[in-house]
Each structure stands twice: as C-alpha cells, then as structure tokens.
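Chemist: Just passing along the structure, written as structure tokens.
The values are calculated or read from the model by the stated rules, or taken from the named source; none is laboratory data. Predicted, not measured: the structure shown is a model, and the values here were computed from it. All Cβ positions, glycine included, derive from the backbone under ideal geometry; neighbour counts span all protein chains shown. Only protein heavy atoms, including side chains, enter the accessible area calculation; ligands, DNA and RNA are left aside. Shrake-Rupley method; radii C 1.70, N 1.55, O 1.52, S 1.80 Å.
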Amino acid sequence: MAIMYYERNYFIQTRDCDQYDNFKPSTILDYFSDIASFHADMIGVGYKPTYEMGCYWVVLFQEFEILDNNVKPNDEIILSTWPSAHYKLEYERDFLITDINRNPIIKGRSNWVL
C-alpha cells in the first residue's frame, strides 16, 4: 500500500538564506522538489518508472505562502507533502514546512502533469 503522506526533517543551511537570514524563494522551491521526488519514488511514480513508460513529470506551477519567518540557519524544520487532487493526467501536491514544534512556517502547492 502506498504511503500518501511523507515528511522529512531538514536543517536549514546558511546557503538556504539571504543576507537577512530569511529563506530564499529558490530554496523553498528546491525543498518542495526534493521531497516530491523522494515521495514519488516511494509510491512508485518516480523518475525511473515514468521514464520506462516513456513519460516525464512536468511542473506546471508552484506557489507558496510564508506564514512565519522566524527560522534561521541551523534550525531544524519538518517538511511534509501529500497529493491533494488529480484531473486526468494533472496532479496537485501540497507542502507544509513547520518548525520542530510543528508550528507552520510555509505552506505551498504545486501542479504536475504526466
């Protein structure tokens, strides 16, 4: 049975932040892509199986909202993801970044097409 919810702990690196120690937008999107890839592999729809079918995943859009900007380099965060909806070959995926106490920091979503 596929696990439809996945989470991982990360430590914020200095390179993940700007000169004010705030997350760079590119870092947030990298985190989202990273955990989406791990989760897709776990549920059997990662790069290799889709490539073998002659298909690829394409990200149509990603968006996020910063709820709390009170994390700094070396803080531990929890990044979670789950699929939320699908329409034919289009799939939505939700993301949540929380601090170690599970207080929401960033929420996001993406839309993928196969």
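Chemist: Taking Ile77, is it of a type in the set (Val, Ile, Thr) and either touching an Asp or Glu at 6+ places or on another chain (Cβ under 8 Å) or in a strand (DSSP E or B) (or both)?
Modeler: yes
Chemist: Being in contact (Cβ under 8 Å) with a residue 60 or more places away in the chain and part of a helix (DSSP H, G or I) is the filter here, so list the residues in segment 15-63 that pass it.
Modeler: Residues satisfying the conditions are Ile28, Tyr31, Phe32, Ile35, Ala36, Thr50.
Chemist: Working only within segment 34-54, note down all residues that are hydrophobic (A, V, I, L, M, F, W, C) and either touching a Pro at 6+ places or on another chain (Cβ under 6 Å) or open to solvent by less than 40 Å² (accessible area, probe 1.4 Å) (or both).
Modeler: Of everything in segment 34-54, those that are hydrophobic (A, V, I, L, M, F, W, C) and either touching a Pro at 6+ places or on another chain (Cβ under 6 Å) or open to solvent by less than 40 Å² (accessible area, probe 1.4 Å) (or both) turn out to be Ile35, Ala36, Ala40.
Chemist: Continuing with the same structure: Give the residue that is modelled with the highest pLDDT, with candidates limited to residues of segment 66-114 that are within 15 Å of Thr27 (Cβ to Cβ) and out of contact with any Phe, Trp or Tyr (no Cβ under 8 Å at 6 or more places or on another chain).
Modeler: Among residues in segment 66-114 that are within 15 Å of Thr27 (Cβ to Cβ) and out of contact with any Phe, Trp or Tyr (no Cβ under 8 Å at 6 or more places or on another chain), the one modelled with the highest pLDDT is Ile105.
Chemist: While we're looking at this one, here's another question. Which of the residues spanning segment 55-68 are exposed (fewer than 13 other Cβ atoms within 10 Å of the Cβ) and of a type outside the set (Asp, Glu)?
Modeler: Tyr56, Val58, Leu60, Phe61 - these are the residues of segment 55-68 that are exposed (fewer than 13 other Cβ atoms within 10 Å of the Cβ) and of a type outside the set (Asp, Glu).
Chemist: For segment 76-90, which residues satisfy the criterion of being of a type outside the set (A, V, I, L, M, F, W, C) and farther than 16 Å from Glu7 by Cβ?
Modeler: Residues satisfying the conditions are His86, Tyr87, Lys88, Glu90.
Chemist: If you take the residues in segment 3-13 that are exposed (fewer than 15 other Cβ atoms within 10 Å of the Cβ) and within 20 Å of Asn111 (Cβ to Cβ), which one is nearest to the chain's Cα centre (by Cα)?
Modeler: Result: Tyr5.
Chemist: Out of all the residues in segment 24-33, is one or more over 15 Å from Lys107 (Cα atoms) and surrounded by 14 or more Cβ atoms within 10 Å (Cβ to Cβ)?
Modeler: No.
Chemist: Name the single residue, out of those in segment 1-39 being touching a Gly at 6+ places or on another chain (Cβ under 8 Å) and of a type in the set (A, V, I, L, M, F, W, C), that is farthest from Phe61 (Cα to Cα).
Modeler: Applying the filter and picking the extreme gives Ala2.
Chemist: Can you name the residue in segment 69-82 that is open to solvent by 50 Å² or more (accessible area, probe 1.4 Å) and within 16 Å of the chain's Cα centre (by Cα) and is also farthest from Ser110 (Cα to Cα) among such residues?
Modeler: Across segment 69-82, the extreme among qualifying residues is Glu76.
Chemist: Filter segment 14-68 down to residues that are of a type outside the set (Lys, Arg), under 20 Å from Thr98 (Cα atoms) and within 15 Å of the chain's Cα centre (by Cα), then give me how many there are.
Modeler: Residues meeting the conditions: 22.
Chemist: Here's a follow-up. Consider segment 90-108. How many of its residues are of a type outside the set (A, V, I, L, M), surrounded by fewer than 18 Cβ atoms within 10 Å (Cβ to Cβ) and touching an Asp or Glu at 6+ places or on another chain (Cβ under 8 Å)?
Modeler: Qualifying residue count, segment 90-108: 4.
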